[in-house]
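Since the structure comes first, as structure tokens, the remarks are kept for the end.
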Amino acid sequence: MNPESISEEAWQPGLLDFGRSLSDSVFVVLDLETSGGSARLGAGITEIGAVKIRRGEIIGEFESLVNPGSAIPDYISDLTGITDAMIQGSPSIASVLPSFFEFIGPPTQNILVAHNAPFDISFLKAAAAEHSYEWPRYTVFDTVRLARSVLTKDDVIDCKLSTLSEYFRTATTPNHRALDDARATVEVLHGVFERFGSLGIHTVEDVLAFTLRVKNPRFPE
């Protein structure tokens with residue numbers, strides 16, 4: 001579940017990432033399903049999916065349903081297909097966090113990627129804080145922002161994951177389930193990286209500088 005509202009919050013370059021080649025970097029592309037639109041308003045994580053990639057190859061996947069500790073609203077179940085019955089017996093986020101942090105690895109080596117990353121990162125930060133984990137200072141790439149930096153209204157009508165998936169002809173169709181949406185986001189990321197290559201953008205530093213400079217002139221609100 002990824003509302004299309006965008007903020008700058010998740011775009012946090014780690015200093016050690018500057019100058020790192022995109023081809024040599026490890027990316028952890030993640031997606032969350034949640035019981036609502038805001039962790040601050042008490043919504044919780046119901047599913048985590050993540051795909052770890054390097055040099056365009058998948059080197060690992062992570063998937064888990066999560067019991068948020070409260071009922072899932074009907075409209076969320078209608079959207080995601082995740083019901084209260086499905087998450088009965090699923091681990092709590094406190095139980096999932098250690099294995100998930102182990103999967104995503106250290107911020108000095110790996111870059112997090114998500115579609116509308118501020119949404120997903122806000123839930124992960126809230127869960128980490130609630131259970132006394134210090135949130136590592138990851139570099140985060142937001143595929144909404146990346147796509148907006150290289151696409152225009154002539155290419156796509158918006159930068160929803162479903163729209164970009166169709167534009168880049170991804171093999172996985174996003175369906176509001178975490179792992180499938182993460183897999184689709186991987187393919188969108190690769191499509192954007194191909195555009196970056198033609199623009200001479202080859203490092204993490206190049207991406208951060210280019211997307212911050214471009215802002216939204218290619219894709220105005």
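Read the figures in this text as sums done on the coordinates, not as results from a lab. On a predicted model such as this, the values are computed, not experimentally measured, just so you know. Glycine also receives a Cβ, built like all others from the backbone with ideal geometry; neighbour counts cover every protein chain displayed.
Can you tell me which residue within the range 63-81, out of those that are of a type outside the set (Asp, Glu) and touching a residue at least 60 places away in the same chain (Cβ under 8 Å), is nearest to Leu22 (Cα to Cα)? So that I can check it myself, show each step before the final result.
Restricting attention to the range 63-81, the residues satisfying the condition of being of a type outside the set (Asp, Glu) are 64-73, 75-77, 79-81.
Add one more test, that the residue is touching a residue at least 60 places away in the same chain (Cβ under 8 Å), and what stays is 76, 79-81.
Details: Ile76: 36, Leu79: 34, Thr80: 32, Gly81: 35 Å.
This residue is Thr80.
Could you please find all residues in the range 192-210 being among the polar types (S, T, N, Q) and either under 17 Å from Ala117 (Cβ atoms) or not in a helix (DSSP H, G or I) (or both)? So that I can check it myself, show each step before the final result.
Taking the range 192-210 as the starting set, the residues that turn out to be among the polar types (S, T, N, Q) are 198, 203.
Thr203, the sole residue that qualifies.
Please state which one of Val204, Val140, Val150, Val156 is touching a strand residue (DSSP E or B) at 6+ places or on another chain (Cβ under 9 Å) and more than 24 Å from Gly37 (Cα to Cα).
Numbers: Val140 fails: more than 24 Å from Gly37 (Cα to Cα); Val150 fails: touching a strand residue (DSSP E or B) at 6+ places or on another chain (Cβ under 9 Å); Val156 fails: touching a strand residue (DSSP E or B) at 6+ places or on another chain (Cβ under 9 Å).
Answer to the check: Val204.
Please find, within the range 82-112, the residue that is nearest to the chain's Cα centre (by Cα) out of those that are more than 30 Å from Leu22 (Cα to Cα), surrounded by 15 or more Cβ atoms within 10 Å (Cβ to Cβ) and hydrophobic (A, V, I, L, M, F, W, C).
Across the range 82-112, the extreme among qualifying residues is Ile93.
Just give me the residues in the range 35-62 being surrounded by 15 or more Cβ atoms within 10 Å (Cβ to Cβ) and either out of contact with any strand residue (DSSP E or B) (no Cβ under 8 Å at 6 or more places or on another chain) or free of Cβ contacts under 8 Å to residues at least 12 places away in the same chain (or both), in sequence order.
Listed by number, the residues that qualify are Gly36, Ala39.
Which condition breaks for Phe101 when tested against (1) out of contact with any Cys (no Cβ under 9 Å at 6 or more places or on another chain); (2) in contact (Cβ under 8 Å) with a residue 40 or more places away in the chain?
Of (1) out of contact with any Cys (no Cβ under 9 Å at 6 or more places or on another chain); (2) in contact (Cβ under 8 Å) with a residue 40 or more places away in the chain, only one is false for Phe101: (2).
Matching residues to (1) in contact with a Lys or Arg (Cβ under 7 Å, 6 or more places away or on another chain); (2) of a type in the set (A, V, I, L, M, F, W, C); (3) within 29 Å of Leu164 (Cβ to Cβ):
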| residue | (1), (2), (3) |
| --- | --- |
| Pro68 | no, no, yes |
| Ile82 | no, yes, yes |
| Ala85 | no, yes, no |
| Gln88 | no, no, no |
